[in-house]
Amino acid sequence: MEILVTGATGNLGGATIKALLNKGVDKSSIGALVRDESKAHELKELGVTIVKGDYNDYDSLVNAFKGVNKLFFISSSEVETRQEQHMTVVKAAKEAAVNYILYTSIQRKTDKEDSPLDFVLDSHMTTEEAIKETGITYTFMRNNLYLDFLPWFLGDKVLETGVYLPAGEGKVGFMLRAEMGEIAANLLTTDGHDNKAYNISGTEEVSFGEVAAMLTEITGKEIAYVSPTYDEFMETMDKAGVPKLFAIMFGGFAQGAAQGELESGNTDAERLLGRKPTAVKDFVKQVYAQ
Ligand code: NAP
């Protein structure tokens, strides 16, 4: 198998497979790793090869990875067990003698343990190190926040209550997930990316205050931006009944933004995509214009 895409039943994996097919890669060279075949209906229709494997099952991964040239390793969505799962994937890739790994890591400015992004950063950094230690040729996509997730950060009632996040004036290089999938497809089919780490961030980086101003302009309604302290934010989320894990995620990423962790300054995305990524304002217009 020339290319095996993990997380293929997920959004980024699916977008990458479609982008590979759109680029003219033959479906017979593309494998889709799935843990649950009942979710693979759409992938089967695309004609790619379905390969069974679970990040929790080492033997299934070694079998799945045998004969694979390039592995697109999409980080697990199971945050609590992710670190162990990732070590299993990396070990299996080494055992199966995969030639190349493209891994989805995270955008950051620093690798500090006290980073507000540590709740997700730690497992990505450990995985990057483990991949390097295998000696397998790699490329890291250090992905910024999905633009698709911006409405989640803003909340359902943003047009009534305004934007409320402890993000200060920090900027975020939001980028559409489908465009990240296109970049992954480009990286998997072109040369010159060996042992490199790329910042995959939108070209225009925006603060949540700027997003509030966009909403004001688009809706004609004054949308305020309030940046509380992290503790105030967590207290408000708790009172509103928001599950702790979600509050930590939104609060942590917002704090990361406040400290400049999500501002890449030198994104590689535009060059790797071959065009300007979708602008935040265009996305916001599409979602919120009435
Ligand atoms: P997604 O739609 O949730 O897809 C995650 C994929 O991982 C699914 O195919 C899922 O399989 C698979 N997976 C989970 N646990 C697995 C296991 N034990 N064994 C094998 N496969 C497993 O996520 P996405 O939107 O495509 O994003 C890809 C990754 O980026 C996420 O997994 C997460 O690590 C990270 N992420 C990034 C951002 C960002 O803003 N940059 C936001 C959220 C997540 P099932 O379909 O069977 O569940």
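The numbers here are math on the coordinates, done by the rules we state, and not lab data. Quantities reported herein were computed from a predicted structural model and do not represent experimental measurements. All Cβ positions, even for glycine, are placed from backbone atoms using ideal geometry, and neighbour counts span all protein chains on display.
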Would you work out which of Val5, Gly53, Leu20 lies farthest towards the positive end of the dipole of region 1-57? Charges go on Cβ: Lys and Arg +1, Asp and Glu -1. Leu20
Share of antiparallel DSSP beta bridges in the chain, in percent to the nearest 5? 5
Give me the number: length gained by fully extending Lys44 to Asn99, i.e. 0.36 nm times residue separation minus the C-alpha to C-alpha distance, one decimal in nm. 17.2 nm
Region 268-285 versus region 41-68: alpha-carbon centroid distance in Å: 31
Tell me, what ³J(HN,Hα) does each residue in region 13-25 have, in order and in whole Hz, if you take phi through Karplus 6.51 cos²θ - 1.76 cosθ + 1.60 with θ = phi - 60° and put x for Gly and Pro? x, x, 5, 5, 4, 4, 5, 4, 5, 4, 7, x, 5
Expected sort for 141-147, 63-69 on mean C-beta neighbours within 10 Å, highest first, is 141-147, 63-69
Overall form of the chain per C-alpha gyration tensor (a/c, 1.5; a/b vs b/c): prolate
Under the rule of at least 5 residues apart or a separate chain, name every residue whose amide H is placed under 5 Å from the amide H of Tyr138. Ile101, Asn195, Lys196
Under unit Cβ charges (Lys, Arg +1; Asp, Glu -1), what dipole magnitude, rounded to 20 debye, does the chain have relative to its Cα centre? 860
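Averaging sequence separations of C-alpha pairs under 8 Å and six or more residues apart, then dividing by the length of the chain, give the relative contact order as a whole percent.
19
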Identify, among Pro277, Ala257, Leu245, the residue whose Cα sits farthest towards the positive end of the charge dipole of region 239-290, taking +1 on the Cβ of Lys and Arg and -1 on the Cβ of Asp and Glu, with the dipole about the Cα centre. Leu245
Rounded, prolate or oblate, given the Cα gyration tensor of region 191-289, with a/c below 1.5 counting as rounded? oblate
Could you pull out every residue, at least 5 positions away or on a different chain, whose amide H is within less than 5 Å of the one on Ser264? Hs are placed 1.01 Å off N in the peptide plane, and Pro or chain starts have none. Gly173
From the cross-link list Lys23/Lys276; Lys39/Lys109; Lys109/Lys221, the entries with a Cα-Cα span beyond 27 Å are Lys39/Lys109; Lys109/Lys221
Sorted by packing (mean other beta-carbon atoms within 10 Å per residue), highest first, where do 125-135, 192-202 land? 192-202, 125-135
Which aspartates and glutamates does Lys285 reach when only Cα atoms under 12 Å apart count, and residues fewer than 8 places away in its own chain are ignored? Glu217
First check a/c for region 241-290, with a ≥ b ≥ c the square roots of the eigenvalues of its C-alpha gyration tensor; if it is under 1.5, answer rounded, and if not, answer prolate when a/b is larger than b/c or oblate otherwise. oblate
Can you list the residues, at least 5 places off or on another chain, whose amide H is less than 5 Å from the amide H of Tyr225, using H built in the peptide plane? Val163
